[in-house]
Structure formats: structure tokens, C-alpha cells
Protein chains: 2
Amino acid sequence: MDTLDELCVNTLRFLAVDQVEQAKSGHPGLPLGAAPMAYVLWDRFLRHNPDNPKWFNRDRFILSAGHGSALLYALLHMTGYDLGLDELKRFRQWGSKTPGHPEHGVTPGVEATTGPLGQGFAMGVGMAVAEAHLAAVYNRPGHDVVGHHTYAIVSDGDLMEGISHEAASLAGTLGLGKLVYLYDDNHISIEGDTKIAFTEDVGTRFKGYGWQVLHVDDGNDLQAVEKAIEEARRETARPSLIIVRTHIGYGSPKQDSASAHGEPLGPDAARATKQALGWPIEPAFHVPEEARTHMAKARERGAKLEEEWNKGLEAYAAEFADDAAALKDAIAGRLPEGWESAVPVFTPADGPQATRNSSGSVLNALAPKVTMLMGGSADLAPSTKTLIKGSEGFSKEHREGRNMHFGVRELAMTAAVNGMALHGGLIPYGATFLIFSDYARPAIRLGALMGVHSIYVFTHDSIGVGEDGPTHQPISQVMSLRTIPDLLVFRPADANETAEAWRAALAAGRPVAMALTRQKLPVMDTKIYPVREGFARGAYILAEAEGGSPDIVIVATGSEVHLALGARDALSQSGVKARVVSAPCWELLLEQTPEYRAEVLPADVPKLAVEAGCTLGWGDLVGTDGGVVGLARFGASAPGKEVMAKLGFTVENVVAHAMALLKK
Amino acid sequence: MDTLDELCVNTLRFLAVDQVEQAKSGHPGLPLGAAPMAYVLWDRFLRHNPDNPKWFNRDRFILSAGHGSALLYALLHMTGYDLGLDELKRFRQWGSKTPGHPEHGVTPGVEATTGPLGQGFAMGVGMAVAEAHLAAVYNRPGHDVVGHHTYAIVSDGDLMEGISHEAASLAGTLGLGKLVYLYDDNHISIEGDTKIAFTEDVGTRFKGYGWQVLHVDDGNDLQAVEKAIEEARRETARPSLIIVRTHIGYGSPKQDSASAHGEPLGPDAARATKQALGWPIEPAFHVPEEARTHMAKARERGAKLEEEWNKGLEAYAAEFADDAAALKDAIAGRLPEGWESAVPVFTPADGPQATRNSSGSVLNALAPKVTMLMGGSADLAPSTKTLIKGSEGFSKEHREGRNMHFGVRELAMTAAVNGMALHGGLIPYGATFLIFSDYARPAIRLGALMGVHSIYVFTHDSIGVGEDGPTHQPISQVMSLRTIPDLLVFRPADANETAEAWRAALAAGRPVAMALTRQKLPVMDTKIYPVREGFARGAYILAEAEGGSPDIVIVATGSEVHLALGARDALSQSGVKARVVSAPCWELLLEQTPEYRAEVLPADVPKLAVEAGCTLGWGDLVGTDGGVVGLARFGASAPGKEVMAKLGFTVENVVAHAMALLKK
């Protein structure tokens, strides 16, 4: 190793070690082993601008093995991001910019929140999709305004997780040539040698996916790493995996052992490691001036890169003014003016229709205007109704295509959608059946934690699915999505609430999940029902009790709103005045004033909830003295209407529950 | 094709087609293409006894592509299982034994509930693990009392799902030579040709996993299929994947098209298909006598196989009486007499200790006595404390090992655990951090739907996790597990509740999830606190208010029970009499009488819930006028105690909430 390079690599190593020692918590093993490859990538290849972490055309770098966060913080610090040594000293402390695992939005330069293994891998695939698509849409001969690589460091844990298979197979199919992943192949996982659980031949596996596979036999050989990355960059038709043999906890007494993975070295071993690698034991957080000077050159380079790009953009704008304006809007995530006028209004004559179909209509009404919309389904597009008509499938041949064919890969799809959202320039969506939101859940959660603008479309949203049976009938999914912080969960009651759901989703700037029906529902007349204003408040009085003073409030969502309306009519025959509240979004309701909530769901009136999902949770809205028409069991295989009826989702049963509640 | 074979294959095909036509719902495409391979497997190889679907030493067969259920029902019908034509005619109807996707427990001979893709693949791996382990434990020279194959038919959808990667890589590592999977390679998925999303070279990929890969170029070539299965069976050191090129919807006008996949052919196309394959158009559900006679021979063969095995077992019992008794207990799922005496009782002097540690102690106290216990962790055993001490890791070399090293594969682990439970002879468990229960969720749900006796151990159960930060801190997981029907969710408050959790889990005979702490908790004195009797009721009065008439009831779970106890003491200083209710299991509470519930959580006393998880759902127990000390946000990275304190989990804050509630 060249002395300066070695100095820089060791600076990264020991900044990481010292962070972990200071915090008495963290993962020193990966940084010690992977610092060389990270250094080569960041020093020789990565096109980024530390002074503007949001520069649009930067290369993306993801530390998919997020437990190695200390290494990433060291890289960001050394290359001049706004992340001082003081922050590194507050590693894993309350309010610091250096949390235990990298968090997008907390630390400048962290492209994605990682830690839950495999998701960084898949988010990178989404970023590469976004790059390829935007390049195809916006670049013009002589004007490559979009064009960058997406890099990641991935670990054995990432590659054991199923999502890595899904994402790698997808990336291979799509031929994402600008994806370059470095595999930190250190042969050690938490339970010991990887051979106890992971003897697969990773290279052969990735060749099976259609990736270029390269090998670096010694992770400390900077030249070999450099050569491999060069080779990876030369390959434009296939993604590349560089398998780099490393040693976890390199240089420490714990090298090549599981104990180097997830706990501090401890003062003695830290000292021994510094000695072994010729590093001063004191002070901690030592940064040699030469290393600082050298690595800080990233700022200069970055400023120049961005400046060049800005100039290129000006030239582009001069020639392609409309495209440039559209690209700038996309980069800023600005919706085109007047987009809301494209949101359709449905009339009862348009119905009955399944809200999945309504959703398809709304999406296709919006798509021509909102070109940022891009997405697809996990091999269920004909059922989820998420195809943008008139657009190609995104493929090797059709990078301009807006329809993603994600394959039967719900988790990778959702993480890739998050990656597309993180990339910027797009409002991405991913669709599957609601039941399979369980497969996607880890990525839905991470999307919520990152606050990205992803749209998750889930159809076939209840036992109304029918014949496919309990394996395919969601019972707990809607409620359990509601338990995820910072996620908006919409369950619209008809075509017009579905239109409002899309309107809200586009404007939300944060993640949204929609639950849509397979079965047809009547369309409510917006002249009678205050759908538009109501939806935005999360829950609203859809149909007031006669005379305005309800004997009972029936609160329902989605398909069951129509049961509630039917029950209201039936109850009025018995002289019972019922109010119907449609509650398409609990989270928006919670954002309203307590007064509004009390007005819609008054404390002193008995309340009955109706939702074709688990009863659990409705006590929050109707109280322990309220009633719930819900499910405390799995569904059953039979025609949808029959399943609904047998399990109590009939006007009669809602009325019976209402009457029983009133008698209490 | 031999005429009789052809007759049988076509019988299977058209029984499937007619089921779908009759139901006007279902998937004819797979049965038409895959019937030949299924027929060869069932006719020439499968060792089973249709008259006793529970014969322990049968080969296991899983239709991982569960949407092809009509084919499985045809196979079961034709080989003489208790599944009459009348049931096939009620395909996908209310109360039939022929639901839309195969359901274990509903239909005799259905080994596993499938449909959610990939899970059948992984459950089969679990079954093969169980077989290999039990064979190693119980077989003696000359006495192979356990020994069978596990077969599956898998589809492109199964192989796209990440779980197939996880399970295949694990199976390769473990060298499960008795696993033989047939891949129905029909090149079509719902969105069209698989090339739009799935161009991977499956064979190369599986070679990378260490599988033997065989090819059959023509799925209608019965001899080729037979030869391949023979070859697969000859390979004992590696699992085998047989890639069988088939044609979806074979023989129909929709052959090789996506429209053959998931909808009835329709009367015209069904007729055309029958004509094309030389089948009588009428009557539907036609079964030629020769085909019936031939396929029904499975009963004879099966009876003989079981009889031979019974004789073998007798001989074994004569020589190895104790082993035979233990094996019979294991087969019956009977816990050994007196096992409960092994459940430890902890004293305050044993504390404080993390409940994950308590769990490890209990597991290790039980393991020597309850040899059916077998399981492991998704590469987190040192953290989840789930190693059985003194036992080997289950591996190629140590089939007797009880410690599974599942690798970082939460979903495959959980499905494999379900497969082990389905196999019988074991009480399996799988462990990871609670946050990663999200990755495992689809299999947890399927475990609950099947009602299998799986134990899911989840540690690091709240923001108490600390430094690892919000990526690793579960907020919504406990509540969202509670939304899954038929799953017991335990969140024990200390070592003794943890002991009760294991006691209940072993006795449950149904799936259980446990949420355990990373951080230390005091041990409650069982002489003071009625933990034993209380736990079994799901929620119980842990500490009654002074004088027995509470001003307020504080209901808490897990680590927060100690906060509640602290708050009770503090409140009493202010003259407020508080009752503390520990609620380790909502589901068991719901199984109590309304009177008991009303006694524990009286309607007319203000109630405050304390749980370091989402607030959503607690309204069910405390009402809209109750209070909740919970979370409506993600956690944060900092030392666990600090995160707990900053986010309101202190005695002071519980007291403040209690006082505010009392003032309302």
C-alpha cells in the first residue's frame, strides 16, 4: 500500500474503532476489514459533492451492511461532509447525527437508511432503475444530464436475506449496468464461520442472475480493488458484483472471529490493533493532516463536478427548454401545475366498480400529466390495475418505459420503490395484493422511517377476495399497517374516495399505503356526500343522522361503508337515527383537532365500527363500550359475497349489532 | 406415453379443469402442464398411505405452487384419500374440503397450507431437516425407523420469492439429500412471459447453492421425469432440483399464455382442450375405470408400506424399548411425564436479568427432558440466547444436533420451523430480534392459519434495545402480531413470566410468539405475585390497590410492568390507590369469561395502559376515556435507558399520566 493511501485507510479504520470504543457499543469488525475497498471507491471513483449532498447527478453509495455505520461516518467526515469529529464522538448518542445504523435524513450524505439486512441492496437497484429511466427520458444526444453509478457495500448477511435474491435477479433481468456492488466477503457472521449456514458459491449464484462477477483475493490490495471497480464500470450491460475477500476485525486480536462483529474491541484490543497497524494509541479520533488534506479533496472535485453538470444543464436548457423545465420540476419533486384537475370525479352512473379499478382509472388519468409517476406490480398488474396504458414495460430495451415488472418479489419491489423515491425525480409506486403486504412489510416500515414519497398499492383488501380463500384474505393487514408510525394508510370506500386517496398520495410527500377492493362497490354521489373535504380529514360524517342528533354512530371503512349506509336506512325504519362516519385514514384523523374528532365521534353516543378485518384496535375509536363488526378469525374459501355474508358483513348483522349496542 | 399412463394423466388434468369450470374460479394452467410430473411422482415413487394420511414415515409431498390446488385434489381423490368426487365438485365453495388453495387440516393428505409463494419450498426444507434429525436420533443399525423423502412441485413464482433463495441456500449448506423438488418451468407468469421479470438461469443459481440440478426437456415425457427422479433419489449428499420444461395450460387454446394461469378456461376452451387431448366432453368429472383402478393401487401399496414399517417398529421396540417409547411419544407429540417439573422458578435474588436470558435458562432447563425441542436462530443465537447447551449444531456431520443455524434468513427460518412442526416428532422454535419478525411475518401468519405447534422467539423487544436505533427498535411489532388470528403473543414481565411463557408454549399445541427484552428486569417474587395462575389467564391482578378498591388500574406488559409497579408505589404517596394488571397475553385474556375480564379491568375505574410500543389498539382495554403511555413515533439511537426515559417510559411519566387521567 502506498503510504498516503495506507494512512487514509487506517484513519477510516480507527475513526470507526474509536467511535465504537467511545460509545461502548457498535460494530468495529466491518470497518476494519472493509475500509480499504471503501477508501478506493470513495477516493478514486465516487462522483459526489460533499458540500451539496443533494446534488442530483451524484453517484449513489449505499452501505447495505448498515451495522458498519462507523465506517460510513468516517468516510463522510473525511471527505468533508457536514459531519464534524464532535458528531463522531457522539456516535450512538441521543440527538447525534451518528445513530447506530445509518439514517437517511439524519446524516448528510447517507443515501438510505440501512441495517435491516438486504434492503440497501434492493434500494440500490431502485436507484439504478431511476437513473436508467430518467436518463432515457431526459438525455438528448450530446446532453447526458442524467448519468451516474450506484455503488454499495454488501455483506454476507445481505446476501443471505431473500431480498438480495429478489433484487439481484431483477437487476440481472433489467441489465442494470451502472450497478456496482462490493461484497465484503469476510467469512464470519454472528454465530461464527459462515460455513455453518452459508456455503453457497455466491459467484455462481450471481452469474445465474446474469451479473458480471469479479474477484479480489485480498481486500487490502487497493490496486486490485481499483482494477475490479474499473472493470465493473466498463461493463455496461450487466450489473457487477465484486467479491472482495476481507478479514473481519482486520489487525485486531479478534480478527476473523465473530466477536469482532458486534461489540467494541475493548480498550486492550483497540490498543493492540493500533499497535499492530502502526497507529498512535493516543489521541483517540486521530486524523493525520496528510490524510485529512488528501481526502478533503473530494470537496474540490465535487464542486467542480457539480459545476460542470450545472453548465451542461444550462446548455441542455438552451436547446430543450421544456425538457429542462420538466427535469428541474422532477428533481425538486414539484408536481406540474394544475395536476389536480386531472383527478377524476366519478358519478353513481360509473358504478358499481371495484376500487382497484377506480385506482387504475385515476392512475391513468394522472399519468399523462404527472410523468414522475412510475411503478408496477409484483406480477399482478392485471389484477392490481396498475399498468400505465400506452407506456412500455421498463426493460433493457425500453428504459423509457414507466411500467415496472417487478416479478413475484414483493419485498424487493417495495425496497426498490423506496430506492426510486430516494433517488428523486420520480414518484414511484409498487402494487400487490394486500395479503402480500406482509412480505413487503420490512420495506414499508423502512419507507415510513425514511419518510420517502413511496406509494404502496394493495388490492384484494378483505375476505371479499372470495374463492382464493384464507391464504389470500387479509384479516390483520389493514390494522397492522396502521401500527406503523409515519405511514398514511388509506382504505377508500368507493371510486371517489379512491380518487381522493391518489390526490392525497401525490401531495403527501411521505409514504402512503392504499387498501383497495377486488369486488365492486357503488359509487357515492359527490353532490350528496362530502367526500372531497371529508377524506382529507381522515374520517368524516358521510351521512348525518336524521335531525342531526344521532342515537348511534356507525364508523366504517372501505367496502363496509356501504353496509353502514344500508344499516342507517334500515335502522331509520325502526326509528333509530344513525350517523355514518367514513374513516378512510386513521392517521389523518389523528392529525385533526380534538374538537373535530369529538364532533365526528362524540363521546356520549354509542359507536359501532364495521370493518372486514380484525376487531383489534377499534376500541381506540369506539371505546370498550362500543361495538365492532369485525373478524376474530381467518377467512374462508367461497365466493366473495358468500364469505362476506357468512362472516357477518351484511346490513342485517350490522343492524343487529347496532340494536344490541343500543340495548346495553 | 403408455395408454394407461396417458389416461391417468389426462384424468388428473380434466378433474382439475372441471373443478375450476364448476367453481368458475381457479387455476387450470398449472394442472394441465404439471399433471405428468405429478403423476409420475405419485405413481412411481411416493411412499404414502391414503388410508392413513398421518402415517409417520410417509414421504412428504408439497404443492408449493398452491394455486394449482385442483391438481392436488385430483391426485388425492384418485389415489384413494377420503376426498370424494362430491368434494371436487364443491371446489372453492363454503365448507368444502377443496378450498382455493390447499389447507393443511382441512383436506386429508395436504401436508402444508400453500399459496403464498415460496413458503411451501421452505416448509419442505424444514420437513427434510426434521427427517434427517429424527433419523439420526432414533435409527439404529438395521433399524431405519425414520427415513423418507420430501418432494415438492415449485413454480417460477416460488423461485422468484426471496424465501426460495433463503431456503435453498440453507438446504444446500445442510446437504439435505432427501429433498427432491420438481420445478414446473412453464415460462409464464401472470404479467406474461417470465422473460420480462425473470431471466435468471435457475440451474446455475441452484448449483451455486450446492444442489444437484437435473433437466427434463419435455414435461410430457414420463420416462424422462421418472429417470430424473431416480437420479435425484440416488444423490444422497445434496438436494436436487429437477427443472421440467412444461407448457402452462397444455392442450388448451390458451396454452403458453398468461390467461391460462388464473382463470377458468371457460366452456368453449375447456371443450376444445378435451377434444385436443382426446377426452370425452361429457360428463364433467369423468374418471375412466382403468385410471381409477390403477391409481387406487396406492392404497394397497400404502397399507403394505405402513404394515412393514409397523413391523419394523416392533422389532426396533424389542431391541430398543426406551428409544421406541420416546419415538412414539414424539410422533404423538406427547410431552414426557413430569416435564413441568423442569420449569424453573426464579427468585428476586436471581435478578435482575433480561427476559431473553431467562428464556435461555428455561429452554436449557427444559431441553434435556423435552428432547422434542429443536431450533435455532437467524444468526443471532448469542443474542437471542436460544442455543441448547451441550448439543451440536445441526449439520451434514451432526444430524443429531439440535441447534439450527438458520443464517440471516428470518422468513425461511420461520417457514422451516413450521415445516418441522408439520413433520411431527419435534417442537421447533426459531429466534430473531422482534424487529425482524416483520421479515418472518408471512410465515408466522401461515403458522397461525395451520395451527401448527411452532414457537417463535423474539428478543430485543422495544426501544429498550438502545444504541442500535430506530432501525432495530420495534414499535408496532407486538401489537401487529396480536392482530394475527389464532396466534398466542406473550410479552412476559420477568423471569418467572418467561418461565410461564415457555410452559404455556410447550403445552399450547398451537403457535406462540414471545417478545423478550434485551435489557435487565427485576425478578418478581412468586410468593408475593401470583404469576403462575395469572399468566395462564392472559392478564391478571399483579398488585391490588391498597384496600382492594382501585382509583385507577394500570395495565402493562413486559418491561413496563415494573414501571407500573413503581408508579403504584409513587401514587400511593399521593393517596392514589392503583391496581397493577400484568397483561402478558391478550389472546388468553380474550378466552376468559367476561366476568373475569370485568373483574380485572373494571368498567367504572379509569385505566392507564403502559407498553413501550404503539399506542394503537390499547383502546380495546382502556377505552376512549383511558390513557396510554405508548409511542406514536419511531425510536432513537442512544443507550437504552436514555431512550426509554426520553420517550416517556419512567415512573414519573406514568404517574403524571395517571394523575392527568384522574383529573379528567
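Taking region B:486-521 as the search range and keeping residues that are away from chain A (no Cβ under 14 Å) and assigned to a loop (DSSP other than H, G, I, E, B), which one is surrounded by the most Cβ atoms within 10 Å (Cβ to Cβ)? Here the residue is B:491.
You will find that of B:558, B:575, the residue that is in contact (Cβ under 8 Å) with a residue 40 or more places away in the chain, more than 14 Å from chain A (Cβ to nearest Cβ) and not in a helix (DSSP H, G or I) is B:558 and no other. If the condition is being assigned to a loop (DSSP other than H, G, I, E, B) and among the aliphatic types (A, V, I, L, M), then region B:180-194 contributes only B:190. Just so you know, in region B:528-564 the residues that are closer than 16 Å to residue B:653 by Cα and not β-branched (Val, Ile, Thr) include one that is surrounded by the fewest Cβ atoms within 10 Å (Cβ to Cβ), and it is B:562.
The one condition from (1) more than 27 Å from residue A:352 (Cβ to Cβ); (2) buried (at least 16 other Cβ atoms within 10 Å of the Cβ); (3) within 34 Å of the chain's Cα centre (by Cα); (4) aliphatic (A, V, I, L, M) that residue A:661 does not meet is (3).
Looking at A:262, A:251, just one residue is in contact with a Leu (Cβ under 6 Å, 6 or more places away or on another chain), closer than 30 Å to residue B:381 by Cβ, small (Gly, Ala, Ser) and crowded, with 16+ Cβ neighbours inside 10 Å, and that residue is A:251. The requirement of being of a type in the set (D, E, K, R) and surrounded by fewer than 19 Cβ atoms within 10 Å (Cβ to Cβ) is not satisfied by residue B:184.
For region A:229-254, which residues satisfy the criterion of being without any contact (Cβ under 8 Å) to a residue 40 or more places away in the chain and within 21 Å of residue A:217 (Cβ to Cβ)? If the condition is that a residue be without any contact (Cβ under 8 Å) to a residue 40 or more places away in the chain and within 21 Å of residue A:217 (Cβ to Cβ), then A:230, A:231, A:234 are the ones that fit.
For region A:399-410, the count of residues that are within 14 Å of another protein chain (Cβ to nearest Cβ) and farther than 23 Å from residue A:444 by Cα is nonzero. Out of curiosity, is residue A:593 more than 21 Å from residue A:568 (Cβ to Cβ) and surrounded by fewer than 23 Cβ atoms within 10 Å (Cβ to Cβ)? Judged against the criteria, residue A:593 is a match.
Residue A:264 falls short on exactly one of the conditions (1) away from chain B (no Cβ under 14 Å); (2) in contact with an Asp or Glu (Cβ under 6 Å, 6 or more places away or on another chain), and that condition is (1).
Considering only region A:372-385, state which residues are more than 11 Å from every other protein chain (Cβ to nearest Cβ) and not in a strand (DSSP E or B).
Step one: filter region A:372-385 for residues more than 11 Å from every other protein chain (Cβ to nearest Cβ), giving A:372-375, A:385.
Once the filter is applied, which keeps residues that are more than 11 Å from every other protein chain (Cβ to nearest Cβ) and not in a strand (DSSP E or B), region A:372-385 yields A:372, A:385.
From A:172, A:210, A:157, A:177, which residue is at the interface with chain B (Cβ under 7 Å from one of its Cβ atoms) and either free of Cβ contacts under 8 Å to residues at least 40 places away in the same chain or assigned to a loop (DSSP other than H, G, I, E, B) (or both)? One residue alone meets the criteria, A:210. For the condition touching a Ser or Thr at 6+ places or on another chain (Cβ under 9 Å), crowded, with 22+ Cβ neighbours inside 10 Å and of a type in the set (A, V, I, L, M, F, W, C), residue A:581 does not qualify.
With respect to residue A:630, is the statement that it is modelled with pLDDT of 95 or more and out of contact with any Asp or Glu (no Cβ under 8 Å at 6 or more places or on another chain) true?
It is false that residue A:630 is modelled with pLDDT of 95 or more and out of contact with any Asp or Glu (no Cβ under 8 Å at 6 or more places or on another chain).
Take residue B:603 and decide whether it is under 36 Å from the mean Cα position of the chain (by Cα) and within 14 Å of another protein chain (Cβ to nearest Cβ). Here the answer is no, as residue B:603 does not meet what is asked.
When the residues of region A:386-398 are narrowed to those that are hydroxyl-bearing (Ser, Thr, Tyr) and within 23 Å of residue A:361 (Cβ to Cβ), which ends up nearest to the other protein chains (Cβ to nearest Cβ)? Here the residue is A:386. Select from region B:416-438 the residues that are without any contact (Cβ under 8 Å) to a residue 60 or more places away in the chain and in contact with a helix residue (DSSP H, G or I) (Cβ under 6 Å, 6 or more places away or on another chain) and list them in ascending order. Matches in region B:416-438: B:430, B:431, B:432, B:435, B:436, B:438.
Results for (1) outside any helix (DSSP H, G or I); (2) not hydroxyl-bearing (Ser, Thr, Tyr), shown as yes or no for each residue.
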{"residue": "A:244", "(1), (2)": "yes, yes"}
{"residue": "A:247", "(1), (2)": "yes, yes"}
{"residue": "A:252", "(1), (2)": "yes, no"}
{"residue": "A:255", "(1), (2)": "yes, yes"}
{"residue": "A:262", "(1), (2)": "yes, yes"}
{"residue": "A:265", "(1), (2)": "yes, yes"}
{"residue": "A:269", "(1), (2)": "no, yes"}
{"residue": "A:275", "(1), (2)": "no, yes"}
{"residue": "A:278", "(1), (2)": "yes, yes"}
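Tallying residues that are within 12 Å of chain A (Cβ to nearest Cβ), touching a Ser or Thr at 6+ places or on another chain (Cβ under 9 Å) and within 19 Å of residue A:466 (Cβ to Cβ) within region B:74-113 yields 16. Could you tell me whether region B:630-647 includes any residue that is closer than 14 Å to residue B:579 by Cβ and more than 10 Å from chain A (Cβ to nearest Cβ)? Within region B:630-647, not a single residue is closer than 14 Å to residue B:579 by Cβ and more than 10 Å from chain A (Cβ to nearest Cβ). Looking at this structure, is residue B:167 within 13 Å of chain A (Cβ to nearest Cβ) and in a helix (DSSP H, G or I)? So residue B:167 fits the description; yes. The residue that is farthest from the chain's Cα centre (by Cα), counting only those in region B:416-442 that are among the aromatic types (Phe, Trp, Tyr) and within 14 Å of chain A (Cβ to nearest Cβ), is B:433. Of all residues in region A:189-201, which are surrounded by fewer than 23 Cβ atoms within 10 Å (Cβ to Cβ) and more than 7 Å from every other protein chain (Cβ to nearest Cβ)? Selection gives A:192, A:193, A:195.
Among the residues of this structure, residue A:114 does not count as one that is surrounded by 23 or more Cβ atoms within 10 Å (Cβ to Cβ) and modelled with pLDDT under 95.
Taken over region A:469-485, the criterion of being within 7 Å of chain B (Cβ to nearest Cβ), touching a helix residue (DSSP H, G or I) at 6+ places or on another chain (Cβ under 8 Å) and not in a helix (DSSP H, G or I) is satisfied by A:475, A:476, A:483, A:484, A:485. Counting residues in region A:24-31 that are surrounded by fewer than 24 Cβ atoms within 10 Å (Cβ to Cβ) and modelled with pLDDT of 95 or more gives one or more.
The values are calculated or read from the model by the stated rules, or taken from the named source; none is laboratory data. From a predicted model like this one, the values you see are computed outputs, not experimental measurements. Every residue, glycine as well, gets a Cβ built from its backbone with ideal geometry; the counts of neighbours run over all protein chains shown.
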